[in-house]
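Note sheet for the following structure.
The values are calculated or read from the model by the stated rules, or taken from the named source; none is laboratory data. Small disclaimer: the values here were computed from a predicted structure and weren't measured. Positions of Cβ are backbone-derived with ideal geometry, glycine not excepted, and every protein chain shown enters the neighbour counts. In case anyone asks, the SASA skips ligands and DNA or RNA and just uses the protein heavy atoms, side chains included. Shrake-Rupley method; radii C 1.70, N 1.55, O 1.52, S 1.80 Å.
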Amino acid sequence: MTETALLIAGSPKSWTLRFIGIDPRIKICLGLLIGLLTWKSGPIGVILYGLALAFPLYTLSGTRPTNRSVIRAFAIFVIFWMAIKWLSAILEGANWVSALPETALLGLRLLVLLLLGLTLALSTQPRRMGLALSWFLQRFLGKKAWQLALAMALMIHFLPLVWETISTVRTTIALRASDLSRYRRTVLMIQATMRALSQKTWDQTLAIVARGLDSPEAWTANFPFHIREWTSALLIAVAATLAAWI
């Protein structure tokens, strides 16, 4: 994520760069804490978490058009899931009115968790996130920690590529194959997407080997300790915990 992209997005450059440059270990710790608190807090706390994520997520998602389409997809998925959950509760004998608040709260919690994961992915380079994860896991898994770190880094890096590829293929088919039937367009989209993703997978494999990322040494890092960042993180953790009791 470059400074040029941030300026094009019209976001506050200094704040965004500072947020991106925060120690990834802090982001992982806060992400885990807020994720756990999201399932324990009441409606007001969950709403506060969502609002707290809204600004950084809006800022970060402006660097790529597909990022905001991912947010829309998350919202559609949650609404669809809520409808299924609500209908299931009714079929089990619950009153349709009394089932609404519980379904809405569960849906809101799920949406906050999805947005939390997206915020972490957009604000941290995959390699830095992998290094931070390796730093934590080395205490438990030893030399095998780098394998999970590599898997995490690849997932964070590859998921946006998958979404971008699907979006590109969909647009191309809509422009060049609009005369085909819906069934033929669907089949063509699946085939083109799978072909493009298989090529990207091969390219990523070559890139990993070329950069020497397939060894434990590549996933060992000594992060500098910045007391200001960790103090701010502690204050955020306290505020998030207090919000869970509202």
Find the relative contact order for segment 112-156 and round it to a whole percent, using C-alpha pairs within less than 8 Å whose residues are 6+ positions apart. 43 percent
Contact order normalised by length for segment 66-114, with contacts defined as Cα pairs under 8 Å and 6 or more residues apart; what percent is it? 45 percent
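Give the calculated FRET efficiency between LEU36 and LEU188 to the nearest 0.05, with a Förster radius of 41 Å applied to their Cβ-Cβ distance.
Numbers: r = 44 Å, r/R0 = 1.06.
So the FRET efficiency works out to roughly 0.40.
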Positive end of the dipole of segment 58-213, charges at C-beta (+1 Lys, Arg; -1 Asp, Glu), about the Cα centre: which of LEU110, ALA177, ALA75 has its Cα farthest in that direction? ALA177
Normalised contact order of the chain, rounded percent, pairs of Cα under 8 Å and 6 or more residues apart: 29 percent
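For the chain, which DSSP H helices look membrane-span-like by this rule: Cα extent along the axis of 20 Å or more and mean Kyte-Doolittle of at least -1.0? Show your work: numbers first, answer last.
Details: long enough: 24-40 (24 Å, 1.10); 43-61 (25 Å, 1.61); 65-91 (40 Å, 1.26); 99-123 (36 Å, 1.86); 126-141 (21 Å, 0.24); 145-176 (46 Å, 1.07); 182-210 (42 Å, -0.07); 227-243 (24 Å, 1.32).
What comes out of the filter, once short or polar helices are dropped, is 24-40, 43-61, 65-91, 99-123, 126-141, 145-176, 182-210, 227-243.
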Let me cross-check SER69: its accessible surface, 1.4 Å probe, with only protein heavy atoms counted, in Å² to the nearest 10? 30 Å²
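Please express the shape of the chain as an equivalent ellipsoid: the semi-axes are the square roots of 5 times the eigenvalues of the C-alpha gyration tensor, given largest first in whole angstrom.
Values: eigenvalues 187, 178, 69 Å².
Calculated on Cα positions only, the semi-axes equal 31, 30, 19 Å.
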Counting only the heavy atoms of the protein chains, how much of LEU197 is accessible to a 1.4 Å probe, in Å² to the nearest 10? 30 Å²
Provide the solvent-accessible area of VAL97, counting protein heavy atoms only and rolling a 1.4 Å probe, rounded to the nearest 10 Å². 80 Å²
Per residue of the chain, what 222 nm ellipticity follows from adding -39500 (n - 2.57) for every DSSP H run with n ≥ 4, rounded to the nearest 500? -27500 deg cm²/dmol
May I ask which residue of GLN125, VAL97, THR186 lies farthest towards the positive end of the charge dipole of the chain, with charges of +1 (Lys, Arg) and -1 (Asp, Glu) on Cβ and the Cα centre as origin? THR186
Charge dipole magnitude, Cβ of K and R +1, D and E -1 - the chain, Cα centre, debye nearest 20: 340 debye
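Any number yet on Rg/Rh for segment 150-231, C-alpha, Kirkwood? The partial results should precede the final answer.
Working: Rg = 19.3 Å, Rh = 15.8 Å.
On the Cα set of segment 150-231, Rg over Rh gives 1.22.
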Using a 1.4 Å probe over the heavy atoms of the protein chains, calculate the carbon and sulfur portion of the accessible area of the chain as a whole percent. 69 percent
So, for segment 137-197, what is the accessible surface per residue at a probe of 1.4 Å, expressed in square angstrom? 73 Å²
